[in-house]
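Okay, so here's the structure we're looking at.
The values are calculated or read from the model by the stated rules, or taken from the named source; none is laboratory data. Quantities reported herein were computed from a predicted structural model and do not represent experimental measurements. Note that each Cβ is placed from the backbone with ideal geometry, even for glycine, and that neighbours are counted across all protein chains shown. Only protein heavy atoms, including side chains, enter the accessible area calculation; ligands, DNA and RNA are left aside. Shrake-Rupley method; radii C 1.70, N 1.55, O 1.52, S 1.80 Å.
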Amino acid sequence: MIIKAFARKTAKAACIVLYRIMNFVLPVNSRLIVLSSSVAKSYSGNPKALYEELVREGLDNEYQCVWFYEKHAFDIPGRHIQVKYGRLKYLFYMATAKFLIFDARQPEFLRKRSKSIYLQTWHGTPLKKLALDMDTVFMAGETDIESYKESFRKNASTWDYLISQNPFSTETFRRAFDFKKEMLETGYPRNDSLFRHNNPDDIKEIKNKLGIDENKKVMLYAPTWRDDSSFGLGRYRYTAELNIDAMKEAFSDEYILIIKHHYLVEDNTDWTVYDGYVRVFDQTVDIAQMYLIADILITDYSSVMFDYSILKRPMYFYCYDLERYKDVLRGFYFDFENNAPGPISLSTTELIEDIKNEKHAAYSDKYAEFVSLYNPWDNINSSKNVLDVIFKRDGR
């Protein structure tokens with residue numbers, strides 16, 4: 001065990017040295033774009049939306065597009081290649097790419113070259129405190145809050161552009177990331193599809209593609225991860241404590257329950273025991289498709305609330321650990337309890353009653369205010385507007 005650990009550590013160190021040599025001696029390829037979503041765990045989110053707009057415009061014929069994947073290659077349209085994350089080819093493309101498009105921080109050993117352009121799309125408007133705004137850190141691999149903040153500050157200093165979904169995010173990202181370069185206040189590219197495909201025909205097509213009964217309504221349960229439930233670096237347990245048996249008894253005649261985990265969460269639950277009532281989709285399926293088919297969203301503190309609100313459909317907040325999450329783990333940027341655009345339930349029993357009684361209807365004014373605050377820039381052309389900035393200013 002000790003020998004294997006030493007060998008892995010030595011191999012990693014050698015790869016870092018090789019990467020830095022390539023980074024120093026190889027020329028930047030002005031026609032090379034590298035992309036990844038969720039640190040190569042998925043093909044989704046803002047990078048996906050930007051890439052698919054790039055394909056629509058035919059830019060995949062002008063540029064070499066490289067997608068990174070962690071375990072299995074994705075089903076991706078257009079002209080591109082896929083490379084396994086962390087391998088030698090990954091290091092080569094990272095060292096020589098002109099354009100880097102990511103939605104999360106990348107490993108600290110990577111160095112952005114002066115001739116490269118790094119577009120950080122980020123992955124959501126925050127409710128929970130981020131980076132330099134945090135007072136404590138519970139995440140795996142982090143030793144103390146000050147070193148975590150310094151690491152984040154250095155990482156963010158390499159970004160040339162950062163996308164913002166709303167004025168609140170602009171202000172928060174500037175401070176929490178200590179970001180001093182250009183903020184693209186375009187709305188999120190990933191939400192273009194919520195404008196483009198929110199119609200009966202497209203929703204029916206998505207249901208058929210995902211194997212969802214057209215005659216059933218859909219509840220989407222999309223919780224975030226818990227910082228203190230780690231079982232390894234970047235790996236977090238599913239700890240939602242939602243009583244699925246009670247949910248099935250209450251709603252299975254009318255609804256199917258779809259569960260979509262945060263990309264950091266690993267779930268070993270045997271969902272087959274729920275006899276088709278529950279469907280769990282992994283990171284190969286973009287959550288935007290689930291927003292479109294979901295009649296109701298159940299979440300907690302996740303940024304999915306800011307995207308789903310574009311559809312103006314009912315939202316319920318299952319927050320069984322509200323006090324601990326708010327006061328210990330993260331803390332919130334705004335008064336979530338008084339400003340949430342839907343009812344907050346502290347138990348499954350309460351959640352069931354809230355849904356059955358359609359309690360969301362009492363939140364129409366708060367919902368409208370929420371949309372006004374957090375979705376003013378989202379539109380069908382966010383992806384195009386971002387690409388116009390990146391490529392036109394590159395002299396294309």
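Just to check your reading of the model, which residue among Tyr320, Tyr277, Tyr301, Tyr316 is in contact (Cβ under 8 Å) with a residue 60 or more places away in the chain, open to solvent by less than 30 Å² (accessible area, probe 1.4 Å) and not β-branched (Val, Ile, Thr)?
Residue meeting the stated conditions: Tyr301.
With respect to Ile390, determine if the residue is open to solvent by less than 80 Å² (accessible area, probe 1.4 Å), assigned to a helix (DSSP H, G or I) and within 27 Å of Lys217 (Cα to Cα).
So Ile390 fails the test.
Would you point out the residue of the range 150-184, among those that are under 15 Å from Trp377 (Cα atoms) and free of Cβ contacts under 8 Å to residues at least 40 places away in the same chain, that is most open to solvent (accessible area, probe 1.4 Å)?
Applying the filter and picking the extreme gives Glu171.
Among the residues in the range 337-357, are any at pLDDT below 95, touching a Lys or Arg at 6+ places or on another chain (Cβ under 8 Å) and open to solvent by less than 50 Å² (accessible area, probe 1.4 Å)?
Scanning the range 337-357, I find no residue that is at pLDDT below 95, touching a Lys or Arg at 6+ places or on another chain (Cβ under 8 Å) and open to solvent by less than 50 Å² (accessible area, probe 1.4 Å), so the answer is no.
Could you tell me how many of the residues in the range 111-137 are open to solvent by 40 Å² or more (accessible area, probe 1.4 Å) and among the hydroxyl-bearing types (Ser, Thr, Tyr)?
Result for the range 111-137: 2.
Which pairs turn up if I take residues in the range 194-209 that are free of Cβ contacts under 8 Å to residues at least 12 places away in the same chain and look for partners that are small (Gly, Ala, Ser) and surrounded by 15 or more Cβ atoms within 10 Å (Cβ to Cβ) with beta carbon separation below 9 Å, at least 6 apart in sequence or on another chain?
From residues that are free of Cβ contacts under 8 Å to residues at least 12 places away in the same chain, there are no pairs.
Please go through (1) open to solvent by 10 Å² or more (accessible area, probe 1.4 Å); (2) out of contact with any helix residue (DSSP H, G or I) (no Cβ under 9 Å at 6 or more places or on another chain) for Ala97 and return the number of the only condition it doesn't satisfy.
(1)
Looking at the range 255-310, which of its residues are acidic (Asp, Glu), modelled with pLDDT of 95 or more and farther than 19 Å from Asp354 by Cα?
Matches in the range 255-310: Asp307 only.
Determine which single condition Ser372 fails, assuming it passes every other condition in (1) touching a residue at least 12 places away in the same chain (Cβ under 8 Å); (2) under 24 Å from the mean Cα position of the chain (by Cα).
With respect to (1) touching a residue at least 12 places away in the same chain (Cβ under 8 Å); (2) under 24 Å from the mean Cα position of the chain (by Cα), Ser372 is out only on (1).
Which of the residues that make up the range 210-230 are loosely packed, with under 13 Cβ neighbours inside 10 Å and either more than 19 Å from Gln283 (Cα to Cα) or modelled with pLDDT of 95 or more (or both)?
Asp213, Glu214, Asn215
Which one is nearest to Leu119 (Cα to Cα) among residues in the range 160-185 that are β-branched (Val, Ile, Thr) and either over 17 Å from the mean Cα position of the chain (by Cα) or at pLDDT below 95 (or both)? Before you say what the answer is, go through the steps one by one.
Initial filter on the range 160-185 (β-branched (Val, Ile, Thr)): 163, 170, 172.
Now narrow it down to the ones that are either over 17 Å from the mean Cα position of the chain (by Cα) or at pLDDT below 95 (or both): 170, 172.
Details: Thr170: 15, Thr172: 18 Å.
For the range 160-185, the residue satisfying everything is Thr170.
Just checking: which of the strands (runs of 3 or more DSSP E) contained wholly in the range 1-104 hold 1 or more residues that are farther than 26 Å from Asn155 by Cα?
Working: elements: 29-36, 64-69, 81-84, 97-102.
In the range 1-104, the matching strands (runs of 3 or more DSSP E) lie at 81-84.
Out of Ile76, Ile101, Ile33, I need the residue that is farther than 20 Å from Ile390 by Cα and in contact (Cβ under 8 Å) with a residue 24 or more places away in the chain. Which one?
Ile76
Scan (1) open to solvent by less than 60 Å² (accessible area, probe 1.4 Å); (2) out of contact with any Phe, Trp or Tyr (no Cβ under 9 Å at 6 or more places or on another chain); (3) over 22 Å from Phe391 (Cβ atoms) for the single condition Ala40 breaks and write down its number.
For Ala40, the exception is condition (2).
Among the helices (runs of 4 or more DSSP H) lying completely within the range 279-341, list those that include at least 2 residues that are under 20 Å from the mean Cα position of the chain (by Cα) and of a type in the set (S, T, N, Q).
The helices (runs of 4 or more DSSP H) meeting that bar number zero.
Confirm whether Leu54 is farther than 26 Å from Phe281 by Cα, in contact with a Phe, Trp or Tyr (Cβ under 7 Å, 6 or more places away or on another chain) and at pLDDT 95 or above.
Details: farther than 26 Å from Phe281 by Cα: yes; in contact with a Phe, Trp or Tyr (Cβ under 7 Å, 6 or more places away or on another chain): no; at pLDDT 95 or above: yes.
When the stated conditions are applied, Leu54 does not pass them.
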